[in-house]
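Down below is the structure, laid out as structure tokens.
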Amino acid sequence: MTDSELILNCENVVMDYDGFKALNNCNFKVHYNELRVVIGPNGAGKTTLLDVICGKTKPTSGKVLFGKGTNLVGKNAEDITKLGVGRKFQAPSIYSNLSVWQNLDLSLKRASKGVFPTLMGQSSPAERARIEEGLETIGLTEHAHDRAGSLSHGQKQWLEIGMVILQEPSLLLVDEPVAGMSDKETEQTGQLLTKLSEKQAIVVIEHDMDFVRQIAKIVTVLAEGTVICEGTVETVQADDHVREIYLGRAIVAH
Amino acid sequence: MPEPERGRPDSRETVSLYVVGLFLLVVLPVLNVLPAEDSWFHLSDFRLNQFGKFLAFAILALGLDLIWGYCGVLSMGQGVFFGFGAYCMGMYLTLQIGTESVYGSELPDFMVWTQVKELPLFWYPFKSFLGGLLGAILVPVLFATLFGFLAFRSRIKGVYFAIITQALAFAAWLVFNRNETRLGGTNGLTDFKQLLGYRLSDPSTQRGLYLITVMALIAAYLLCRWIVASRAGKVLIAIRDSESRVTFSGYTPWMFKLFVFVVAAGLAGLAGMLYVPQVGIITPAQIGVLPSLEVVIWVAVGGRGTLIGAILGAVAVNYGRSVLTNYFPEAWPFILGGLFVVVVTLFPDGLVGMLRNLTDRKPSPAFKADGRTAA
């Protein structure tokens, strides 16, 4: 595969927190329409990597090339969002005092999100249809007019996934989507992500190895801020270095 | 299940709006004019005028509710913008006194006794009514634009923003107190005689001002309702809920905060402009730290994040003050402070929340008592 097929290319990214290198010369590439899973022990820098890509934090050095070579480093979060990077946070991060519908309506991709277009804007029938479609995808049609804060934990996770989907990102960053979900919800989430990956590139951080096996084609293992291994679930689990890092952890037991 | 279109209010709200509007615009003035003075139904000129003052305060409270109740940004400097509006109108009214003044000079009295020989340049625009009118809105709006731009762009938020606005109120109070500011020092501007040729001492002029205030309040309410019903209104609530998340939805929070801060300042200016001719005096004591804090209490008592609550709170607290200060003048600050503590700890949704709880069990749509504080 050549670089022109990459939607994301992180080159030598360093994130230095006063001497602690959360990311240490991290090189991470993702292709268009790929579903990539990132695993790694606690403190490996997985969430930091997503933070750097979506503009939540600025890396100490390195490049984050997105799409046709746009460097995301130094851009602010709202511009990166507009370029087509969507982020689903680890703890469900929704607007709890708005209804489910309003959460989705605010997230919907629109030509302008400035103050005055937002003040004057009315949802077009096409936009309303897209919101209804999104509600169906995440299974919250029944709850469209409920206050988002009143949803269950799993439903909140789904709502946030829906919000990110409606932003129509070409790259979707998902941080531990199934944490706190029941087995059934976990499986549904896996199916949803697999379906979405037909249209957009997705990077998922996950600890739950059953879930990883369900969705992953290629897995990237991150440890101490660098990529130490990349490949199919089987290759990665057979890798000696990975076994060493995870010694005594769940992955060896499987 | 279609989402209700923006701006379409529910029927209960529309009905109550008509009822309240009718009451303020027709019933009260009629009770003032028609019944004989000793009749039980008679509303005295004093009471009507006092009510007009409360309604001007309600406009001020609406603005704070937008920025604090909806957007979660506590401004403790609304009194400053109110003061700008009040002083602009006050300067026009002062120049209208003309040679009716105590010293019989064209210059305002305070300039005569502070040895000012010529009208300072910045007073000139206020020779015309239009100057006073435009100044009362534009000065607060422009000042808020500049101040808000600097503060919000530097991502000053929460309690830091509250402290900075309080410092602003204190600074404004100091500046307006100085004789060198040429705005009458501690005595402020007073002794007004006429407005566009109408005598301010005439009850019919005061009735007219009352009616204009009611109409301004209705217009301000409709403007605020239009804003909070729009998608931008939802962004405001989203900022209050989770400001950092808003950037990942593609919005720039500081621009929305700036917008709503400027609208609030404009409303405060309008309120000040309407206050001055009805009360007949504006001094630095009415625009400093304490008056700015009182606005916060009105909104908290009425119910944050409900526009009706801001109006209700402003009228109720001020009416309470006018009654209670008759009986316990010294105790009022303690009553006010106690009220604030009780409301914030026991009734976070204020009067409106209590009324809602009485009528139905539906939670307030805009602000939930989920332990969130604004600052």
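The values are calculated or read from the model by the stated rules, or taken from the named source; none is laboratory data. Just so you know, these numbers come straight off a predicted model, no measurement behind them. Cβ sites come from the backbone with ideal geometry, for glycine too, and all protein chains shown count toward neighbours. We work out accessible area using only protein heavy atoms, side chains counted, and drop any ligands, DNA or RNA first. Shrake-Rupley method; radii C 1.70, N 1.55, O 1.52, S 1.80 Å.
Would you calculate the volume per residue, in Å³, of the smallest convex hull containing every Cα atom of the range B:250-315?
On the way: hull volume 7.0 nm³, N = 66.
Given the Cα convex hull of the range B:250-315, per-residue volume reads 105 Å³.
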Each label sits 7 Å from Cα toward the beta-carbon; between B:Tyr327 and B:Thr14 the label points are separated, in nm, by 4.2 nm
Listed by chain and number, the lysines with an alpha carbon less than 19 angstrom from that of B:Lys257, same-chain partners under 8 positions apart left out, are A:Lys113, B:Lys157, B:Lys234
Note on the range B:245-270: residues buried by at least 30 Å² of accessible area once partner chains are added (vs chain on its own, 1.4 Å probe) come out as B:Arg245, B:Thr247, B:Phe248, B:Ser249, B:Gly250, B:Tyr251, B:Thr252, B:Phe256, B:Phe259
To the nearest 0.05, the calculated FRET efficiency linking B:Met215 and B:Asp191 through their beta-carbon distance, R0 being 22 Å, is 0.20
Expressed in angstrom and rounded, the centroid-to-centroid distance over alpha carbons for the range B:102-116 and the range B:262-316 is 31 Å
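With charges only on Cβ, +1 for K and R and -1 for D and E, what is the dipole size of chain A about its Cα centre, in debye, rounded to 20?
Charge dipole of chain A: 700 debye, to the nearest 20.
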On the accessible surface of the range B:230-334, probed at 1.4 Å with all protein chains in place, carbon and sulfur together account for a percent value of 72 percent
If every Lys and Arg gets +1 and every Asp and Glu gets -1 at its Cβ, then about the Cα centre the protein assembly as shown yields a dipole, in debye to the nearest 20, of 980 debye
Looking only at aspartates and glutamates whose Cα falls under 15 Å of B:Lys127's and that sit 8 or more positions away or on another chain, we get B:Glu106, B:Glu118
To the nearest Å², the heavy-atom accessible area per residue of the protein assembly as shown with 1.4 Å probe amounts to 44 Å²
Evaluated at 20 °C and 1.002 mPa s, the Stokes-Einstein D of the range B:49-292 based on the Kirkwood radius over Cα pairs, in µm²/s, stands at 115 µm²/s
From the Cα centre of the range B:125-141 to that of the range A:160-183, the distance in Å is 52 Å
Rounded to the nearest 100 Å², the accessible area hidden between A and B, summed over both chains at a 1.4 Å probe radius, is 3400 Å²
For A:Tyr95, B:Tyr103, the accessible-area ranking with a 1.4 Å probe, largest leading, is B:Tyr103, A:Tyr95
If every Lys and Arg gets +1 and every Asp and Glu gets -1 at its Cβ, then about the Cα centre chain B yields a dipole, in debye to the nearest 20, of 1160 debye
In this structure, the FRET efficiency calculated for B:Ala171 and A:Thr235 from their beta-carbon separation, with R0 = 56 Å, to the nearest 0.05, is 0.25
Rounded to the nearest 5, the percent of DSSP beta bridges in chain A running antiparallel is 55 percent
Here the percent of antiparallel bridges among DSSP beta bridges lying wholly in the protein assembly as shown, to the nearest 5, is 60 percent
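Could you work out the Kirkwood radius for the range A:92-168, taking every pair of different alpha carbons, averaging 1/r and inverting it, reported in Å?
The answer is 12.4 Å.
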By accessible area (1.4 Å), largest first, A:Lys156, A:Lys68 order as A:Lys68, A:Lys156
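FRET efficiency for B:Leu339 and A:Glu136, Cβ-Cβ distance as r, R0 = 51 Å, nearest 0.05?
0.55
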Taking only protein heavy atoms and a 1.4 Å probe, the highest-to-lowest accessible-area order of A:Lys217, A:Lys199, A:Lys113 is A:Lys199, A:Lys217, A:Lys113
Computed on Cα atoms, Rg of the protein assembly as shown relative to 2.2 N^0.38 Å comes out at 1.17
For chain A, the longest principal axis of the Cα atoms and the Cα long axis of helix A:125-137 enclose an angle in degrees, to the nearest 10, of 50 degrees
In Å, the Kirkwood estimate of hydrodynamic radius for the range B:216-375 over Cα pairs equals 17.4 Å
Here the tail fraction of P(r) beyond 27 Å, over all Cα-Cα pairs of chain A, rounds in percent to 38 percent
Helix-only [θ] at 222 nm, the protein assembly as shown, -39500 (n - 2.57) per DSSP H run of 4+, per residue, nearest 500, equals -17000 deg cm²/dmol
Taking a crude spin-label model, label points 7 Å out from Cα along the C-beta direction, the B:Val159 to A:Glu5 distance in nm is 5.5 nm
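Take each uninterrupted DSSP H stretch in chain B, measure its Cα extent along the helix axis, and return the ones at 24 Å or beyond whose mean Kyte-Doolittle hydropathy is at least 1.0.
B:45-64, B:78-97, B:129-153, B:158-177, B:203-229, B:253-279, B:307-327
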The distance between the Cα centres of the range A:74-104 and the range B:185-205, in whole Å, is 54 Å
In this structure, among A:Lys109/A:Lys199; A:Lys56/A:Lys88; A:Lys88/A:Lys156; A:Lys63/A:Lys109; A:Lys21/A:Lys75, pairs with alpha-carbon gaps over 19 Å are A:Lys63/A:Lys109; A:Lys21/A:Lys75
Farthest towards the positive end of the dipole of the range B:49-292, among B:Phe81, B:Asn49, B:Val260 and with Cβ unit charges of +1 on Lys and Arg and -1 on Asp and Glu, lies the Cα of B:Val260
